[in-house]
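Just below is one structure, and these are the notes that go with it.
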Amino acid sequence: MSPYVSGIPALDAEGRLVGERDAGAQTRAVLGGIRSVVEAGGGTMADIAYVTIFLSDMAHYAAMTWSTGSSSPVSRRLAGASSVAW
């Protein structure tokens, strides 16, 4: 079985944007959401095969830090999307 996780936004428990104008904080919030979903399904972050990342501006790439906790790198697909919350 291959689970799929999709649509994890950088929102807190009350639905508010986390880390407004801070790509690093938003990335950490999204990772936390992904971790919760994956672990609820009995997996770990090391089970992630690849991710697709949407940035509101490609200039934020350097601030976007990605760490899955896995010893092997995760394949990434990156896209600029002007309608993403920032």
Can you list the residues, at least 5 places off or on another chain, whose amide H is less than 5 Å from the amide H of Leu11, using H built in the peptide plane?
-> Val18
Can you list residues whose amide H is under 5 Å from Gly80's amide H, if they're 5+ apart or on another chain and H is modeled 1.01 Å from N?
-> Leu55
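Every number here is computed from the coordinates shown, using simple stated rules; none is lab data. Note that this is a predicted model, so its numbers are computed, not measured.
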